[in-house]
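Just below is one structure, and these are the notes that go with it.
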Amino acid sequence: MQNDDDDLNPFPEPVEIEITDIFDLHTIPPRQVKLVVEEYLREAYRKGFPVVRIIHGKGIGVQREIVRSILAHTSFVAEWSDAPPDAGGLGATIVRFSQGIAKEEI
């Protein structure tokens, strides 16, 4: 028997997205941001991107703080900063990955 929440879910199967060096969170439901960003970072690092940009929007900064909290606890992230004005400014975060960590450890 299906539960009522299943009937409301337009994506009953996992949705796969292409991993590039830019990830826009505007299409991600807020309750899934943490899990999705964690998975995105792992996959982007495995693909060998040295730097990625996460677009979280400006708003009141809630998404930015979620993203930066994740970055602070991710072992293969070397540093992060606000994006330059022409790449989103306060509405995006530039992430630089560490080099030399065994990708099997992720």
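The values are calculated or read from the model by the stated rules, or taken from the named source; none is laboratory data. Just so we're clear, the structure is a prediction, and the values are computed from it rather than from any experiment. Cβ placement follows ideal geometry from the backbone for every residue including glycine, while neighbour counts extend to all protein chains displayed.
Residue by residue through segment 64-92, note down the ones that are of a type in the set (S, T, N, Q) and within 20 Å of Ile19 (Cα to Cα).
Thr74, Ser75, listed by residue number.
Here is a list: Val51, Val95, Val37. Which entry is at pLDDT 95 or above, under 16 Å from Asp21 (Cβ atoms), surrounded by fewer than 18 Cβ atoms within 10 Å (Cβ to Cβ) and among the aliphatic types (A, V, I, L, M)?
Of the residues listed, the single one that is at pLDDT 95 or above, under 16 Å from Asp21 (Cβ atoms), surrounded by fewer than 18 Cβ atoms within 10 Å (Cβ to Cβ) and among the aliphatic types (A, V, I, L, M) is Val51.
I'd like the residue in segment 1-34 that is in a helix (DSSP H, G or I) and modelled with pLDDT under 70 and, out of all such residues, is farthest from the chain's Cα centre (by Cα).
Asp4
Is it the case, given these coordinates, that Leu71 is surrounded by 13 or more Cβ atoms within 10 Å (Cβ to Cβ) and within 18 Å of His26 (Cβ to Cβ)?
Here the answer is no, as Leu71 does not meet what is asked.
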